[in-house]
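The structure appears below as structure tokens.
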Amino acid sequence: MKDNQIILGVDPGTLVMGYGLISVNKSKVTLVEMGVLQLSKHKDHAERLQLIFQKMETLIKFHQPTAVAIEAPFFGKNVQSMLKLGRAQGVAIAAAMNNGLHAAEYAPRKVKQSITGRGNATKEQVLNMLQHILKIEGDVRFMDATDAVAVALCHHYQGRTAALKADTQPKTKAKKANSWESFIAMNPDRIK
């Protein structure tokens, strides 16, 4: 794992795309930027996809991230919405790959688990934890932006967890990964 990283997190959507960038310097994590791309005023779906690609290109060229993390779509009842969401995610992945970056995918439950310790946490609980960890202040109007920051932070934690496991665990005996003790051991900076 590199000492200095910038991770771009993306919460893809066809009406609103959230994005968030964090900087990781050794174990210190700071918020670089977060925001949303409003797409609802554009009626043509292809135009929305083009705008997603262009925004990703702009963010990547300006911030030079070392990693991209995207929230994977969850199963929903509306098939048409799922198809459109999948296209938006695909365009974001294509933009990352076009710039030589691999896009890691994380399920919403995995993101919530990584940030709060609970896979069924609410968006508000995730936001509260992000405010505590990253010292985000003020009115956060768009949950899509904070969701994207959470995806970026999840990617950081997953990379750190993998590195810790490789360094500390014997190859033949794995520790139980879902206990509070292992969560605290892998996330000492989240305990105050």
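What follows is calculated from the coordinates using simple rules that are stated; it is not laboratory data. This structure is a prediction, so every number in the text was calculated from the model and none was measured. Here the Cβ is made from the backbone with ideal geometry for all residues, glycine too, and neighbour counts use every protein chain on show.
For the reader, a short list of remarks on this structure follows.
- In terms of its C-alpha gyration tensor, the stretch 4-190 has a prolate overall shape, because the principal axis ratio a/c (a ≥ b ≥ c, square roots of the eigenvalues) is not below 1.5 and a/b outweighs b/c.
- Shown here: the stretch 59-131, whose C-alpha atoms stretch 34, 33, 15 Å along the first, second and third principal axes, sorted largest to smallest.
- Take the Cα of residue 123, go 7 Å toward its beta carbon, and the backbone nitrogen atoms of the stretch 35-59 under 16 Å from that spot belong to 35-40.
- Enclosing the Cα atoms of the stretch 1-103 in their convex hull gives a volume equal to 99 cubic angstrom per residue.
- Restraint check, 61/110; 41/135; 43/123; 28/112; 41/61; 112/135, Cα-Cα greater than 24 Å: 61/110; 41/135; 43/123; 41/61
- The simple spin-label model puts a point 7 Å past each Cα toward its Cβ; for residue 137 and residue 28 those points are separated by 1.8 nm.
- Close amide H partners of residue 32, meaning residues 5 or more places away or on another chain with modelled amide H under 5 Å apart, are 21, 22, 23.
- Packing, as the average of other Cβ atoms within 10 Å across residues, places the peptides 57-64, 152-159, 6-13, 30-37 in the order 6-13, 152-159, 30-37, 57-64, highest first.
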